[in-house]
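Heads up, the thing below is written out as structure tokens.
What follows draws every value from the coordinates through simple rules; no lab data is involved. What you see is a predicted model; the values in this text were computed from it and never measured. Ideal geometry is used to build each Cβ from the backbone, glycine not excepted, and the neighbour counts take in all protein chains shown.
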Protein chains: 2
Amino acid sequence: MKHNIKYILPVVVLLFMACNSNQKIEDAKQQNALVFSQGEKVTNDNFTGTVYVHSLIEGDSINQNSVGNVTFEPGARSKWHSHPAGQILLATDGVGYYQEKGQPKIILRKGDAIKCPPNIPHWHGASPDTAFVQVAVTGREKGPTVWLEAVSDSLYFSKE
Amino acid sequence: MKHNIKYILPVVVLLFMACNSNQKIEDAKQQNALVFSQGEKVTNDNFTGTVYVHSLIEGDSINQNSVGNVTFEPGARSKWHSHPAGQILLATDGVGYYQEKGQPKIILRKGDAIKCPPNIPHWHGASPDTAFVQVAVTGREKGPTVWLEAVSDSLYFSKE
């Protein structure tokens, strides 16, 4: 019995350490995902699936760029749309898609940056299995975003 | 002796798990710091201390915003300067300072966003003890950045 006590205590301590470490890994991963807070769930019909937007900078008469943090849950995506002054997308977490009309889908991963030309119809969103977080920098000086049709499941899930 | 072997094995396994978990925590923290890669060390004299810049988007004739990821080591900062079309700063990691001429210093932390008005002299950089990482969105349509004098140590370390 003496033997048991001598060895059980370190086992218990180490088990506690292992569990605590797992919590710390989860905390570090969580911090990682949240450079900017997620913001509010989008309720308009410009998106398919669940999307959150957090406005970071509003355009004004002096600097007409607006900046927003957009979080797409797996499978979520925008409708086709275009921006009269173009847009810059900065991928900050997860795996996403970007596609311009007539072009193949581009996969976006954390650290990628892409420039959407003015007036070119395109869409962006998460991949089917992984959420995607992007910062979007959108010039407002030439008018608002032009929204077009939804991205069909067959296009979204196609290999091209 | 039989007792010893019975208890030593789980202790060794748990010790290994604990060490491995610590590595995973460090990996997760490291990933966290690096949304965008650090890029090249700045060699011009527009900065004090060690600064890295990674250009994410170059301005062009259609979209004249440029986007860069800037990493300031502790104590590093820009000289005073101004932008003819203004700038947007997005804090992605660490703790930094931002100050406009005649105003108190503002502390920037991960997740903060700030708009620098056009032609207002300002500087930004890391805090003395913690590095700072920012994404800068700079309009180039009205000309290049105007560089001014260095930020003195007495101003940098002052409480205001």
Kirkwood estimate for segment B:120-160, i.e. one over the average of 1/r between Cα atoms, Å
12.8 Å
Isotropically averaged projected area of segment A:46-160, using the convex hull of Cα atoms (one quarter of hull area), nm²
6.4 nm²
From the label point of B:Ser158, set 7 Å from Cα along Cα→Cβ, how far away are the matching label points in the other copies, in nm, ordered shortest to longest?
6.2
Shortest-first nm distances, A:Ser37 label point to equivalent points in other copies (7 Å, Cα→Cβ)
3.4
From the cross-link list B:Lys79/B:Lys101; B:Lys105/B:Lys142; B:Lys79/B:Lys105; B:Lys101/B:Lys159; A:Lys110/B:Lys105, the entries with a Cα-Cα span beyond 21 Å are B:Lys105/B:Lys142; A:Lys110/B:Lys105
Measuring from centroid to centroid over Cα atoms, what is the spacing of segment B:135-149 and segment A:86-160 in Å?
27 Å
Place the label 7 angstrom along Cα→C-beta at B:Ser61 and in each other copy, then list the distances from the first to the rest in nm, shortest first.
3.1
Applying the Karplus parametrisation 6.51 cos²θ - 1.76 cosθ + 1.60 with θ = phi - 60° to the phi angles of segment A:89-96, what ³J(HN,Hα) value in whole Hz is obtained for each residue in order, glycine and proline being reported as x?
10, 10, 7, 10, 6, x, 10, x
Karplus (6.51, -1.76, 1.60) ³J(HN,Hα), θ = phi - 60°, over segment B:134-139, in Hz, Gly and Pro reported as x
9, 9, 10, 10, 10, x
Residues whose placed amide H lies under 5 Å from that of B:Ser127, excluding near-sequence neighbours:
B:Gly75, B:Val95, B:Gly96, B:Tyr97
Selection of GluC sites (Glu not before Pro), segment B:31-116, meeting DSSP coil and at most 15 other Cβ within 10 Å:
B:Glu58
With a cut-off of 8 Å between alpha carbons and a minimum separation of six or more residues, what is the relative contact order of segment B:34-76 in percent?
38 percent
Net charge near B:Gly59 (other residues with Cβ under 13 Å of its Cβ; Lys, Arg +1; Asp, Glu -1) is 0
